[in-house]
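Working notes for the structure below.
The values are calculated or read from the model by the stated rules, or taken from the named source; none is laboratory data. Computed from a predicted model, the values in this text were never measured in an experiment. Cβ atoms come from the backbone with ideal geometry, glycine included; neighbour counts cover every protein chain shown.
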Ligand SMILES: Cc1ncc(COP(=O)(O)O)c(C=O)c1O
């Protein structure tokens, strides 16, 4: 774990020395790819895992593996403790209470949970308190043009099923939300507003507090896609004043197969369930079932227990390193990427220009070379980046592209790696025989 | 030759720029009212957004059916564009059965994970795409135009 002797270090970004020490905790980073040292710049897709996270999962299976919330034997109690302690740890990490954090498979499953629950509230006979989530003809669900498909398609489907209308806040040429257009889109018809905290393509950081206030002013429920923020910024769902937030463990040092939904307790307890079955009920007859309160209400079936244990280890690792310091370090890496990319002829960076706030990632277009070819060339140099539309086709279409190349950093990336990436990018157009600006 | 250089041979980069056969007009993209003996197919690789609409024109019937023209419109990486360009050059004038045999052979080479050497006698310039078979993520790019041609050709039978 990272430790520094001088206290004042804890305020600024991580230092290169600390990052080199952090890298020792991530064995996968130390390897050769295609004859070159691996430069992993695809953490926006999924992060690498520190030893402590892998050990937490292994320790669970070696010492405590058992089903949770059932059975009276000692291991079952131990496993339940691990599972619920993990919930407390992850909930505290985002500023939520224990009963406000529901485990899901990933962020996509979380967004579907919310959308399907609202859908269930919109059809047939539901409890009076569930009616507040109902949408139908004349109602609007609002998203933005920069959403990941995971925060777009479930809402399209909800609207299709219920007859509600989907609207979106457009973005501007620099990738920022058009706040003027936004102001006109929030009306008394707006029932749900779901948007991303940080764009996984442009790195734009949306003004969550302001947007949540605009939504609440018209009585809409606010859902935050925190997939690209929870891993990188200190997140506090109460301070942001959102009603729901979702994130994925695998993007924040934890294993695949686990994510979470935060929901305000009084909302979660009033919502109809999505998946139903065992572990989420109180009394079941042949005709009818009554449901547990949150979070169990939304956790039908056997849960990802070892993953929860490892998720807690992951957020502990992040907390001990310091989220503010991680954010500051990544912001510096992001600026270094953008400034470096802008200096290479024929490169267009998507999103805000150098010097403007962005997350530690940069997607770009190489004039004359398709993103797929760019990614292939970088891979030969050992540099792992993502190519394609990054599950954000409408955003790419708006920026006049079908695909881009994206480099995304995390706490374990060094400035030397960003420089190696930039040097490789500079070689792309010459390799493919493209000249000029 | 490095693996990268074997993927991006000069002939591939040239073909990707030349885009031979990429002259399908916009108003024909929808593929409506196809004349007899003409087939058309749209293929999309959702992973990277590579896209092609390819039209096959044939003349003659029965055993004499032959490809008389290939026209396409598309957008994608150099592998997919070069592959479409090479295909357009190769198959015009060949019998339908011969073209299908060529497509089958090309597919086999592409799926071989680098184990099968392309036969230039059969595949002509498309043999230069053999290097792609060592990059499983790119096989779809190389196959895109060929899959479209196969489907379009079938429509003309
Ligand atoms: C902004 C955003 N939302 C949602 C998702 C979906 O996450 P997952 O695939 O883990 O469900 C991602 C991941 O790519 C993302 O970047």
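Points to keep in mind about this one:
- Taking the criterion of being within 16 Å of the chain's Cα centre (by Cα) and crowded, with 24+ Cβ neighbours inside 10 Å, the residues of the range A:205-228 that qualify are A:223, A:224, A:225, A:226, A:227, A:228.
- When residues in the range B:1-29 are screened for being away from every other protein chain (no Cβ under 14 Å) and part of a helix (DSSP H, G or I), 3 of them pass.
- Options B:98, B:108, B:89: the member that is more than 27 Å from residue B:38 (Cβ to Cβ), modelled with pLDDT of 95 or more and part of a helix (DSSP H, G or I): B:108
- Residue within the range A:288-301 that is at pLDDT 95 or above, over 30 Å from residue A:79 (Cβ atoms) and away from the ligand (no atom under 13 Å from the Cβ) present: no
- Qualifying residue in the range A:13-20 (condition: within 28 Å of residue A:335 (Cα to Cα) and without any contact (Cβ under 8 Å) to a residue 12 or more places away in the chain): yes
- Those residues of the range B:114-157 which are assigned to a loop (DSSP other than H, G, I, E, B), farther than 25 Å from residue B:64 by Cα and touching a residue at least 60 places away in the same chain (Cβ under 8 Å), in sequence order: B:135
- Residue that is nearest to the chain's Cα centre (by Cα), among those in the range A:91-117 that are near the ligand (Cβ under 9 Å from one of its atoms) and assigned to a helix (DSSP H, G or I): A:107
- The range A:340-352: number of residues that are part of a helix (DSSP H, G or I) and crowded, with 16+ Cβ neighbours inside 10 Å: 2
- Hey, residue A:60 under 24 Å from residue A:268 (Cβ atoms), crowded, with 16+ Cβ neighbours inside 10 Å and more than 16 Å from the ligand (Cβ to nearest atom) or not: no
- Unmet criterion (only one of (1) surrounded by 15 or more Cβ atoms within 10 Å (Cβ to Cβ); (2) in contact with a strand residue (DSSP E or B) (Cβ under 8 Å, 6 or more places away or on another chain); (3) within 29 Å of residue A:404 (Cα to Cα)) for residue B:66: (3)
- Residue in the range B:30-45 that is within 14 Å of chain A (Cβ to nearest Cβ) and modelled with pLDDT under 95 present: yes
- Taken over the range B:46-64, the criterion of being within 14 Å of chain A (Cβ to nearest Cβ) and touching a residue at least 12 places away in the same chain (Cβ under 8 Å) is satisfied by B:47, B:48, B:49, B:50, B:51, B:52.
- Checking each residue in the range B:66-84 for being within 14 Å of chain A (Cβ to nearest Cβ) and either outside any strand (DSSP E or B) or at pLDDT 95 or above (or both) picks out B:73, B:74, B:76, B:77, B:78, B:79, B:80, B:81, B:82, B:83, B:84.
- Enumerated helices (runs of 4 or more DSSP H) restricted to the range A:364-437, each holding at least 3 residues that are more than 11 Å from chain B (Cβ to nearest Cβ) and surrounded by fewer than 17 Cβ atoms within 10 Å (Cβ to Cβ): A:415-426
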